[in-house]
Amino acid sequence: MAAGGRWIEHWDPEDESFWQRTGARIANRNLFFSVLSEHIGFSVWTLWSVLVLFMGPEYGLTPADKFLLTSVVTLVGAVVRVPYTFAVAIFGGRNWTIISASLLLVPTVAAFAVMEPGTSFSTFLLVGLLAGIGGGNFASSMTNINAFFPLRKKGWALGMNAGGGNIGVPVIQLAALAIIGASGGPRVLLGIYIPLIVVAAVLSALFMDNIASVKNDTGAAKDAARDRHTWIMSFLYVGTFGSFIGYSFAFGQVLQSGFGRTPLQAAYLTFIGPLLGSLIRPVGGKLADKYGGARITLWNYVAMGAATAVLIVASMRDSLGLFVTAFVVLFVLSGLGNGSTFKMIPGIFQAKAEAQGLSGEAAASYGRRLSGASMGLIGAVGALGGVGINLAFRQSFLSYGSGTGAFVAFLAFYAACFALTWSVYLRRTAAGAPDAAARTEENAQLSYSNV
């Protein structure tokens with residue numbers, strides 16, 4: 001134990017005897033309470049995706065205003081992921097979870113204070129900026145949990161952690177649906193979440209741990225930022241998580257603006273996609289553990305492209321049933337891809353370590369160091385995809401009066417993600433490479449195909 005909280009001085013999850021004896025129990029306990037805190041964080045981050053459904057004509061906001069508002073919230077959530085990642089190494093995973101959970105009171109209380117007709121649009125934008133801090137909880141939570149689990153368990157553990165957090169999106173949408181259905185106002189929803197935030201912070205203090213070996217390492221951040229795989233995986237994560245969070249913010253508004261649904265009618269539909277996408281994220285991680293994240297990610301992009309093509313047809317034909325079905329499928333695929341892409345990250349850096357001649361704990365330590373540092377950057381860039389989706393919808397509705405133009409752009413992006421995944425992680429150099437450099441590249445690609 002050390003001053004300032006509960007600290008674990010020795011942690012070696014790759015040691016099977018240590019893992020079976022004490023590691024698994026401690027790691028799973030921290031995972032559970034990490035999920036709880038991240039879940040509340042996601043709910044606060046996506047708060048405005050449901051608050052805008054309450055904001056009728058009396059609020060004086062246009063559809064373009066609402067898309068801009070949710071874009072700002074998404075943007076802040078993406079940006080704060082970078083400092084949140086490194087906060088774990090500065091304060092400790094448990095300590096930062098307490099702090100970050102407590103900070104969620106700020107945007108929630110602020111929204112409670114201003115949520116009424118007559119409030120200026122600039123005030124709503126400012127309070128929306130505050131809500132963005134809820135998006136940072138994901139980065140610190142994933143970095144923390146990445147340190148607790150061995151490589152062979154990371155796909156499942158990271159999938160469970162992220163999926164449990166992601167499910168905060170449909171939960172707050174379901175809560176909004178119940179409140180709208182009962183003719184309640186937005187302050188009722190906010191009043192429910194304020195005590196839940198306090199509970200999450202208190203439970204984190206009581207049951208979580210810090211790992212002393214996770215030191216503040218600015219060198220790891222620099223090394224991760226210089227590594228091309230950090231930015232390649234960031235691009236791929238834009239396609240999966242950027243889709244998930246962007247669609248989560250935009251789905252209800254698209255139904256209202258494009259299909260004339262009322263807030264209650266939209267709320268009946270908006271939670272389904274995020275719910276299924278969240279639940280399937282651990283499955284994506286589990287499949288990646290078994291078959292390789294690159295393979296699952298590649299074919300997932302094929303399916304996402306097909307679903308988007310159906311959405312284009314449904315949007316052009318004004319077919320609500322086909323549109324909602326295809327959108328829900330796209331949510332499910334984005335969740336599956338979230339799990340598989342994040343599983344790739346520790347595997348890639350482990351493969352790099354082994355290619356440099358490292359093995360055993362040395363390779364595992366190298367992988368943990370760089371994968372932990374890169375996750376914040378990848379998570380931040382991925383979340384920026386949500387900003388792009390909301391801005392694309394805003395422009396599409398302004399220019400064409402529908403979301404069809406945005407879906408065409410998304411289809412082109414998924415095609416680019418497919419090509420990048422295949423060319424970097426699955427394409428094999430022709431047999432009989434003529435020199436040592438080519439053979440080294442072939443071996444690297446063969447190992448990356450299993451990440």
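The values are calculated or read from the model by the stated rules, or taken from the named source; none is laboratory data. The structure presented is a predicted model; accordingly, all values stated were derived computationally and were not measured. Neighbour counts run over all protein chains shown; Cβ positions are idealised from the backbone, glycine included. When the accessible area is computed, the model is the full protein with side chains, heavy atoms only, and any ligands, DNA or RNA have been set aside. Shrake-Rupley method; radii C 1.70, N 1.55, O 1.52, S 1.80 Å.
General observations
- Flag for residue 62 being open to solvent by 10 Å² or more (accessible area, probe 1.4 Å) and without any contact (Cβ under 8 Å) to a residue 12 or more places away in the chain: yes
- Once the stretch 17-36 is narrowed to residues that are without any contact (Cβ under 8 Å) to a residue 60 or more places away in the chain and hydroxyl-bearing (Ser, Thr, Tyr), the residue that is nearest to residue 101 (Cα to Cα) is 22.
- Any hit, the stretch 149-158, residues being open to solvent by 10 Å² or more (accessible area, probe 1.4 Å), touching a residue at least 40 places away in the same chain (Cβ under 8 Å) and more than 23 Å from residue 10 (Cβ to Cβ): yes
- All conditions in (1) open to solvent by less than 60 Å² (accessible area, probe 1.4 Å); (2) at pLDDT 90 or above; (3) among the small types (Gly, Ala, Ser) hold for residue 412, with the sole exception of (1).
- Filtering 370, 336, 384, 377 for residues that are under 15 Å from residue 143 (Cβ atoms) and either within 14 Å of the chain's Cα centre (by Cα) or of a type outside the set (A, V, I, L, M) (or both) leaves a single hit, 377.
- Taking first residues from the stretch 267-284 that are within 23 Å of residue 253 (Cα to Cα) and in contact (Cβ under 8 Å) with a residue 12 or more places away in the chain and partners that are crowded, with 24+ Cβ neighbours inside 10 Å and among the polar types (S, T, N, Q), the Cβ contacts under 6 Å between residues at least 6 apart in sequence or on separate chains come to 270/173; 271/173; 274/248; 277/334; 278/166.
- Residue match in the stretch 100-112 (condition: within 19 Å of the chain's Cα centre (by Cα) and of a type in the set (Val, Ile, Thr)): no
- Residue list for the stretch 125-144, restricted to those being over 18 Å from the mean Cα position of the chain (by Cα) and touching a residue at least 60 places away in the same chain (Cβ under 8 Å): 128
- Residue in the stretch 277-285 that is assigned to a helix (DSSP H, G or I) and of a type in the set (Lys, Arg) present: yes
- Boolean, residue 224 is touching a Ser or Thr at 6+ places or on another chain (Cβ under 6 Å), crowded, with 19+ Cβ neighbours inside 10 Å and at pLDDT below 90: yes
- Residue check, residue 198 open to solvent by 60 Å² or more (accessible area, probe 1.4 Å), of a type outside the set (Phe, Trp, Tyr), touching a residue at least 60 places away in the same chain (Cβ under 8 Å) and at negative phi: yes
- If the condition is being at pLDDT below 95, open to solvent by 20 Å² or more (accessible area, probe 1.4 Å) and under 23 Å from the mean Cα position of the chain (by Cα), then the stretch 388-409 contributes 388, 391, 392, 394.
- Residues of the stretch 257-274 that turn out to be assigned to a helix (DSSP H, G or I) and out of contact with any Leu (no Cβ under 8 Å at 6 or more places or on another chain), as a count: 4
- Among the conditions (1) over 14 Å from residue 52 (Cβ atoms); (2) buried (at least 24 other Cβ atoms within 10 Å of the Cβ), the only one that residue 131 does not satisfy is (1).
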